[in-house]
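Engineer: Got a structure here, written out as structure tokens. Questions coming.
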Amino acid sequence: MVALIDGIKVPSSLLGNLNETNLDKANNSDLKSALEKDGYLFLRNIVDKKIIGNARHDIFKKLNAVDELSNPFNEGIASGRSIRDKLFNDRGQFWENISSTKSLRTVTNGKVLENIFTRIFEAPSIAFDFIFLRAVAGGKFTHMHCDAGFFTRKTQKVLTCWLVFTEVTLDRGPLFIIEGSHQFREIQEKYNGFDVDIHKNKKASIDIHPVEFAKKRNTKILTAEFKPGDALIFGMYTVHGTFENHAKNNKIRLTCDIRFQPKNEPKDPRYFGVKPCGTTGAGYGELNSARPLNEDWHIR
Ligand SMILES: O=C(O)CCC(=O)C(=O)O
């Protein structure tokens, strides 16, 4: 299966497999050292498939109600149409409602993930209330970046959890990680202290194509074919992005990125509370996901 980014095929010689960590076999210090060594933890099947399936069903149903998924909606096939804007006059409110789906929140802000992060931090952990659910249709991908500029305003001790709700085969745009990038000094220097909401003259996205970026550093672009319930956890300076969804059957990918930190670290009010305002203060409306599935994304 071909891996594409921005219409360019990624040579298979540049692709590598993510190292899997077995959560049941690893002790807490194994988790910590794998994260330190690789810059990520790739965990399979950490949330029960039925619970993941319930959330997927509820979200797909809401996307079908705005005519963005064809019937039967459980297949997750993009229709190429949308009546989102006709039915709802506030895109942010619509996406906030979808992001508040109870079966989704049971997963993202429930005990299963929290307990895993408590093990990783070796301290009680907490999930951000502001979550980044992504329903991604054909032609779209997330530009390469690291997460520091978004989430480290109050503490550096933040981790991202990229959680999978559908099959994400190579053609459905899985996340990739640039091997060893958590140790690239240039990335630390460039992004430590950077805040996308303050330093508006600078972008979070790394403009160079991932193929060139990896070639120049003699490294690999690591990924996997993900299944519902799998997760990829990574630090704030791990360079990542996603491949393009170019699935011929028009199936979307549904994933959610959730941030966690130790409970006793200072909290960024933009991401916590009943109605968090998000990175720029514009709420859920600022997310690409708030756009109808058939509309292009912005680059930040
Ligand atoms: O799923 C995506 O499209 C991007 C996810 C991401 O960049 C992240 O989790 O930090």
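Just so you know, all these numbers are worked out from the coordinates, no wet-lab data involved. All values reported here derive from a predicted model rather than from experimental measurement. Here the Cβ positions follow ideal geometry from the backbone for every residue, glycine too, while neighbour counts run over all protein chains shown.
Engineer: Mind checking which residues of region 184-239 are within 20 Å of residue 148 (Cβ to Cβ) and of a type in the set (Lys, Arg)?
Structural biologist: 185, 190, 200, 202, 203, 217, listed by residue number.
Engineer: Applying the selection to region 176-226, what residues are over 23 Å from residue 12 (Cα atoms) and in contact (Cβ under 8 Å) with a residue 60 or more places away in the chain?
Structural biologist: Correct list: 183, 196, 197, 203, 204, 205.
Engineer: Among the residues of region 1-38 satisfying the criterion of being under 22 Å from residue 112 (Cα atoms) and small (Gly, Ala, Ser), which is surrounded by the most Cβ atoms within 10 Å (Cβ to Cβ)?
Structural biologist: Result: 34.
Engineer: Mind listing whichever residues of region 246-277 are within 16 Å of the ligand (Cβ to nearest atom) and either closer than 17 Å to residue 59 by Cα or small (Gly, Ala, Ser) (or both)?
Structural biologist: Passing the criteria: 247, 251, 252, 253, 254, 255, 256, 257, 258.
Engineer: What single numbered condition from (1) without any contact (Cβ under 8 Å) to a residue 12 or more places away in the chain; (2) under 18 Å from residue 166 (Cα atoms); (3) under 22 Å from the mean Cα position of the chain (by Cα) fails to hold for residue 37?
Structural biologist: (2)
Engineer: Among the listed residues 298, 240, which satisfies the condition of being crowded, with 22+ Cβ neighbours inside 10 Å and within 16 Å of the ligand (Cβ to nearest atom)?
Structural biologist: On the way: 298 fails: crowded, with 22+ Cβ neighbours inside 10 Å.
240 is the lone residue from the list that is crowded, with 22+ Cβ neighbours inside 10 Å and within 16 Å of the ligand (Cβ to nearest atom).
Engineer: Look at residue 79 and say whether it is within 26 Å of residue 238 (Cβ to Cβ) and among the hydroxyl-bearing types (Ser, Thr, Tyr).
Structural biologist: No; evaluated as a whole, the condition is false for this residue.
Engineer: Next question, about the same structure. Restricting region 117-143 to residues that are buried (at least 19 other Cβ atoms within 10 Å of the Cβ), small (Gly, Ala, Ser) and farther than 21 Å from residue 42 by Cβ, which is nearest to the ligand (Cβ to nearest atom)?
Structural biologist: For region 117-143, the residue satisfying everything is 135.
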